[in-house]
Amino acid sequence: MNITIAGTGYVGLVTGVCLAELGHQVICSDIQEEKIAMLQSGRSPIYEPGVEDLLEKNVACGRLHFTTNSQYAYGNAEIIFIAVGTPEQQDGTANLAYVREVAHSIAQFMKNDVIVCTKSTVPVGTNDQISEIIHRHKPANLHAEVVANPEFLREGSAVVDFFYGDRIVIGTDCSKAAAIIEQIYLPLDIPIIKTDLKSAEMIKYAANAFLATKISFINEIAMICEKVGANIEEVTNGIGKDQRIGPYFLQAGIGYGGSCFPKDTKALVQLAGNNQHSFDLLKAVIEVNNRQASLPVSKAKEVIGSLKSKKVTLLGLSFKPNTDDVRQAASLSIIKELLKEGAIITAFDPIAMSNALQVLGNTIEYTQDIRHALLHADVAIIATEWEEIKQIPLDFFELYMKKPIVIDGRNCYSLKEIRKHRITYISIGRPIVTNDYKKSETY
Ligand code: UDX
């Protein structure tokens, strides 16, 4: 089929390369010329495992094209996926300006009947608005059907999620449109849920809100574990074996970040509020999450007092491993607080440093050398559980730091291993391991 994807962010690009891989003719369109030029040369503007290989292959065999020209993008399309951003506005609601712009362009340039499939996360009712815009402005002889097709791709494993996802949701009241979209996904052998437009929109918000709730719930339990001397890992293992609860998304830490959970939870609270319902549970989830990001700095202050002029090593900048994305990353709130306290920060991240530089500028030092990052540090804070960070030999903390004090916001190390070293180790929801660092000053 001739497919066009509007927007080449994480969702649009991954969807585009994967649909081309399935054999479709795909045009990805975006308003950013630089990005499109880069993609035309077969390079990916984002770090996402697997994307660049599929990109190169499908551009080379002529199935995948990139353009900033809306006429070319929408003129021949049979199916158009909308995958543009819906950024959070000041009041927490989703900004739908880009989605509306795309709807106008589709109406202006479409030359065939089209199915418009919305992948962007949009508040319930938005697809009706998209439909209205297109119907008001399209040529009278052509037909357009709007379908909600939310994505559940995780950054860092988006390509795998596309091919092996848990389910595909197709929301529309038009059975003909649903059948055509179903055909696209059939080769994937993933369960397909066909539903109405509004329920499909709601599924996306409900899924993300539920996952965020799991994370904040376990973080609350971790807080209590710390107070009563229990170990969150034991507790998680114990509850996760109950099939009604499941073992996933119960990793305690300094909270969720990224481009989806923070934005979508707030948008759902707003959506509920706009419909005369106060979503108190989700409000608490958001509050707990904000508190989690402030834990490393308060824990550091508890051990070493004032952080003024203290050297702090920050390990991990991305909001989670295997991505270069720093949007809403816990590391950014930690750095903001540390700078306010007058600390001097050196940060390490295997991939996300250039994105962090764009946000933080030269307010901190960046290094790719873990030993340099740790050298003479008063405290190390772990913000992302990158494999490179989990694999740091524990004696590095003893050898290079001024005081081997580690605040681990992602529970990267086993307490058993830590106890073999002279490290003061404070993690989330687990007993503190205290060692007299003064005795181990070997640097
Ligand atoms: C999420 C959803 O998983 C995906 O389905 C949706 O389409 C987009 O949003 P993503 O933001 O890429 O994907 O990351 P995800 O792996 O879900 O993690 C989100 C955040 O939660 C990360 O900051 C991660 O560190 C945190 N997290 C996750 C926890 O703190 N504990 C956990 O147990 C799991």
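Laboratory data are not the source of any read-out in this text; all were calculated from the coordinates shown. Since the structure is predicted, the reported quantities are computational estimates derived from the model, not experimental observations. Counting neighbours? That spans all protein chains shown, and the Cβs are built from the backbone with ideal geometry, glycine included.
FRET efficiency for the pair residue 43 and residue 227, taken as 1/(1 + (r/R0)^6) with r the Cβ-Cβ distance and R0 = 41 Å, rounds to 0.25. Mark the label point 7 Å from the Cα of residue 142 along Cα→Cβ and return the residues of the range 66-80 whose backbone N is within less than 18 Å of it. Under 18 Å, as judged by backbone N against the label point of residue 142, lie 67-80 of the range 66-80.
Summarising the label geometry, the points placed 7 Å from Cα in the beta-carbon direction at residue 419 and residue 193 lie 4.4 nm from one another. For the range 267-365, applying the loop criterion from DSSP together with a ceiling of 14 other beta carbons within 10 Å to the trypsin sites (Lys or Arg not before Pro) yields 308. Taking each pair of different alpha-carbon atoms in the range 188-300 once, compute 1/r for the pair, average those values, and report the inverse of that mean as the Kirkwood hydrodynamic radius in Å to one decimal. That comes to 15.7 Å for the range 188-300. Once you reduce the range 43-80 and the range 115-189 to the center of their Cα atoms, the two points are 18 Å from each other. Any idea what angle helix 330-340 forms with the longest principal axis of the chain, computed on alpha-carbon atoms, 0 to 90 degrees, nearest 10? Rounded to the nearest ten degrees, it is 50. The three principal axes of the Cα atoms in the range 1-117 give end-to-end lengths of 42, 34, 23 Å, sorted in falling order.
Quick one: length gained pulling residue 234 to residue 390 fully straight, 0.36 nm per residue minus the C-alpha distance? Can you show the working numbers first?
Details: separation 156, 0.36 × 156 = 56.16 nm, distance 1.96 nm.
Fully extending the segment from residue 234 to residue 390 adds 54.2 nm.
Comparing 386, 104, 26 along the charge dipole axis of the chain, the residue lying farthest to the positive side is 386, per the Cβ-charge model. Calculated FRET efficiency, residue 2 to residue 357, Cβ-Cβ distance, R0 = 35 Å: about 0.30 to the nearest 0.05. From helices alone, the chain scores -13500 deg cm²/dmol at 222 nm; the rule is -39500 (n - 2.57) for each run of n ≥ 4 DSSP H residues, then divide by the residue total. Counting neighbouring beta carbons within 10 Å and listing from fewest to most, the residues 376, 24 come out as 376, 24. Measuring nothing but how far apart in sequence close Cα pairs (under 8 Å, 6+ apart) lie, relative to its length, the range 184-285 scores a relative contact order of 31 percent.
How would you rank 174, 117, 225, going from fewest to most other Cβ atoms within 10 Å of each one's own Cβ?
On the way: 174 14, 117 27, 225 22.
Taking fewest neighbouring Cβ atoms as first place, the list is 174, 225, 117.
Compared with the dominant Cα axis of the chain, that is its longest principal axis, helix 51-60 is turned about 30°. Within the set of other residues whose C-beta is less than 10 Å from the C-beta of residue 426, count the net charge using Lys and Arg as +1 and Asp and Glu as -1. Summing Lys and Arg as +1 and Asp and Glu as -1 gives -1.
Tell me the net charge near residue 235. Cut-off is 15 Å between Cβ atoms, residue 235 excluded, with +1 for each Lys or Arg and -1 for each Asp or Glu. Can you show the working numbers first?
Details: positive: 214, 227, 241, 430; negative: 220, 226, 233, 234, 242.
Around residue 235, the charge tally is -1.
Among rounded, prolate and oblate, which fits the range 302-396 when a ≥ b ≥ c are the square roots of the eigenvalues of its C-alpha gyration tensor, a/c under 1.5 means rounded, and a/b larger than b/c means prolate?
Numbers: a/c = 1.67, a/b = 1.15, b/c = 1.45.
Oblate shape, in that a/c is at least 1.5 and b/c is the bigger or equal ratio.
Distance between the 7 Å Cα→Cβ label points at residue 163 and residue 33: 3.6 nm. Can you bin the range 1-67 into rounded, prolate or oblate? Criterion: square roots of the alpha carbon gyration tensor eigenvalues sorted a ≥ b ≥ c, rounded for a/c under 1.5, prolate for a/b above b/c, oblate for the rest. Taking the square roots of the gyration eigenvalues as a ≥ b ≥ c, the range 1-67 is rounded.
For the range 60-143, rounded, prolate or oblate, judged on the Cα gyration tensor with a ≥ b ≥ c (square roots of eigenvalues), a/c < 1.5 rounded, else prolate if a/b > b/c? Oblate shape, in that a/c is at least 1.5 and b/c is the bigger or equal ratio.
In which sequence would 1, 110 go, from the one with the fewest C-beta neighbours within 10 Å to the one with the most? Present the calculation step by step, with values, prior to reporting the outcome.
Working: 1 15, 110 23.
Going from least to most buried by this count: 1, 110.
Take every Cα pair under 8 Å whose residues are at least 6 apart in sequence, average their separation, divide by the length of the chain, and the relative contact order is 11 percent.
Multiply the residue separation of residue 173 and residue 376 by 0.36 nm, subtract the distance between their alpha-carbon atoms, and state the gained length in nm to one decimal. Kindly include the intermediate steps, with their values, before the conclusion.
On the way: separation 203, 0.36 × 203 = 73.08 nm, distance 6.34 nm.
Between residue 173 and residue 376, full extension yields an extra 66.7 nm.
For the chain, the share of DSSP beta bridges that are antiparallel, to the nearest 5, is 5%. Tilt of helix 197-228 relative to the longest C-alpha principal axis of the chain, in degrees (0 to 90, nearest 10)? Rounded to the nearest ten degrees, it is 10.
Taking every alpha-carbon pair under 8 Å whose residues sit at least 6 apart, the range 206-254 reaches a relative contact order of 41 percent. A crude spin-label estimate for the pair residue 132 and residue 367, with each label 7 Å from Cα along the Cβ direction, gives 5.8 nm.
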